[in-house]
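Undergrad: My questions all concern the structure below.
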Amino acid sequence: GDDSEEKDEL
Amino acid sequence: MNIFRLAADVLHVVSIFLLLLKIKTSHSCAGISLKTQFLYMIVFSTRYLDLFFTKPWHSALTFYNTIMKILFLSSSAYTIYLIRNRYKHTYDKVHDTFRIHYLIAGSAVLALVFHIRLTPFEIIWAFSVFLEAVAIMPQLLLLQETGQVENITSHYIFCLGSYRALYICNWIWRYFMEHRRNQWLAWACGTVQTLLYADFFYYYILSQRQGKKLRLP
């Protein structure tokens with residue numbers, strides 16, 4: 001996935 | 001978003017609430033490790049650098065994440081303030097002796113070796129993930145040094161541990177339902193982090209069954 005998808009967790 | 005992720009985040013918020021409740025109601029931060037709180041502060045401030053680049057209103061999920069990130073950052077700063085200022089005289093400095101610079105240095109080295117991409121942002125993110133995995137260690141050491149644990153403090157650590165255990169369920173769910181395959185770094189560290197709690201979980205559940213205060217051997 002793209003960057004925004006990868007960092008969608010806390 | 002799935003039920004495991006949501007439940008995990010709720011437990012994380014509950015754990016923070018319990019920690020502040022313990023300090024406020026007992027007017028004491030005895031049994032609470034300032035070093036662990038300090039490590040969480042570093043974890044959050046390095047992990048959430050994207051707060052500066054992300055539009056909160058980009059999507060419902062980004063908005064949710066932004067609120068949570070600000071909550072985690074501000075609550076850990078507030079906890080540190082309480083321990084270092086208002087309830088300084090109750091802080092158990094003698095037993096809170098974990099050498100955290102080793103944890104910080106170790107995480108930094110690991111982040112330089114293992115990262116998703118060779119960019120400053122990704123290396124700092126990896127550092128925060130490694131550090132979070134071990135951030136509870138000073139707190140667990142402090143409890144072992146003192147033995148007897150106040151109920152509310154043990155609930156706090158239990159919630160914190162369960163939060164990361166539920167994140168593992170969330171990752172398994174996403175692996176199958178959303179085909180997210182490239183998350184090895186978060187998975188590995190999250191699993192190590194949860195395993196660190198295993199010993200604590202065992203004694204916590206034992207003490208809850210017997211209706212007694214948690215006592216660590």
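Undergrad: How big is the Rg/Rh ratio for the protein assembly as shown, C-alpha atoms only, Rh by Kirkwood, two decimals?
TA: Checking Rg against Rh, the ratio lands at 0.96.
Undergrad: Let me ask something else about it. Counting other Cβ atoms within 10 Å of each Cβ, which chymotrypsin sites (Phe, Trp or Tyr not before Pro) in the stretch B:126-217 have at most 14 and sit in a DSSP loop? The partial results should precede the final answer.
TA: Working: sites: B:Phe127, B:Phe130, B:Tyr156, B:Phe158, B:Tyr163, B:Tyr167, B:Trp171, B:Trp173, B:Tyr175, B:Phe176, B:Trp184, B:Trp187, B:Tyr197, B:Phe200, B:Phe201, B:Tyr202, B:Tyr203, B:Tyr204; in loops: B:Tyr197.
For chymotrypsin sites (Phe, Trp or Tyr not before Pro) across the stretch B:126-217 that sit outside H, G, I, E and B with at most 14 neighbouring Cβ atoms in 10 Å, the list is empty.
Undergrad: Another question about this same structure. Could you tell me how many cubic angstrom of Cα convex hull volume the stretch B:82-167 has per residue?
TA: Given the Cα convex hull of the stretch B:82-167, per-residue volume reads 128 Å³.
Undergrad: Using amide H atoms built in the peptide plane, which far-off residues or other-chain residues are under 5 Å from B:Arg180 H to H?
TA: B:Tyr175
Undergrad: While we're on this one: Would you mind checking the radius of gyration and Dmax of the stretch B:100-214 based on alpha-carbon positions, in Å?
TA: When restricted to the Cα atoms of the stretch B:100-214, Rg and Dmax are 16.3, 51 Å.
Undergrad: While we're on this one: So, in nm, how far is label B:Lys213 from label B:Thr90 when the simple model puts each one 7 Å beyond its Cα toward the Cβ?
TA: 1.4
Undergrad: Hey, another quick one. Karplus couplings for the stretch B:92-105 from phi (6.51 cos²θ - 1.76 cosθ + 1.60, θ = phi - 60°), rounded to Hz, Gly and Pro as x?
TA: The phi angles translate into 8, 5, 4, 8, 8, 10, 4, 7, 6, 5, 5, 5, 5, 5 Hz.
Undergrad: Taking just the alpha carbons, could you work out the radius of gyration and Dmax for the stretch B:53-125, both in angstroms?
TA: Cα radius of gyration and Dmax of the stretch B:53-125 are 17.4, 47 Å respectively.
Undergrad: Which whole-Hz ³J(HN,Hα) couplings does the stretch B:20-31 yield from phi under the Karplus relation 6.51 cos²θ - 1.76 cosθ + 1.60, θ = phi - 60°, glycine and proline marked x?
TA: For the stretch B:20-31, the Karplus-derived couplings read 5, 4, 4, 5, 5, 6, 8, 6, 7, 10, 4, x Hz, x marking Gly and Pro.
Undergrad: Sticking with this structure for a sec: Expressed as a whole percent, how much of the Cα-Cα distance distribution for the stretch B:1-83 exceeds 21 Å? Don't skip to the answer; put the middle values down first.
TA: Working: 1228 of 3403 pairs.
Percentage above 21 Å: 36.
Undergrad: Follow-up question, since we're still on this one. Chymotrypsin sites (Phe, Trp or Tyr not before Pro), restricted to the stretch B:1-65: which are DSSP loop and have at most 16 other Cβ atoms within 10 Å?
TA: Loop-located and lightly packed - B:Phe53.
Undergrad: For chain B, max minus min Cα coordinate along each principal axis, in Å, sorted largest first?
TA: 44, 36, 34
Undergrad: Over all residues in B:177-186, what is the mean tally of Cβ atoms on other chains that come within 10 Å of each residue's Cβ?
TA: Mean inter-chain Cβ contacts per residue within 10 Å come to 2.
Undergrad: May I ask you to list the residues of the stretch B:118-140 whose amide nitrogen lies under 19 Å from a point 7 Å from Cα along the Cα→beta-carbon direction of B:Leu206?
TA: Output list for this probe position: B:140.
Undergrad: Under a Cβ-Cβ cut-off of 14 Å, what is the net charge of the residues other than B:Thr194 that fall near it, where Lys and Arg count +1 and Asp and Glu count -1?
TA: Around B:Thr194, the surrounding residues sum to -1.
Undergrad: Still on this structure: Binning at 10 angstrom from zero up to the longest distance, how are the C-alpha pair distances of the stretch B:109-155 distributed in percent?
TA: Per 10 Å bin, starting at 0, the Cα pair percentages come out as 25, 32, 19, 20, 3.
Undergrad: Would you calculate, for the protein assembly as shown, the mean residue ellipticity at 222 nm contributed by helices, counting each DSSP H stretch of 4 or more residues as -39,500 (n - 2.57) and dividing by all residues, to the nearest 500?
TA: Computed ellipticity for the protein assembly as shown at 222 nm equals -22500 deg cm²/dmol.
Undergrad: Sticking with this one: What ranking do B:His58, B:His179 get, fewest neighbouring Cβ atoms within 10 angstrom at the top?
TA: Ranking B:His58, B:His179 by Cβ neighbours within 10 Å, fewest first, gives B:His179, B:His58.
All of the numbers you see were taken from the coordinates with simple rules; none came from a lab. No experiment lies behind these values; they were computed from the predicted model shown. All Cβ positions, even for glycine, are placed from backbone atoms using ideal geometry, and neighbour counts span all protein chains on display.
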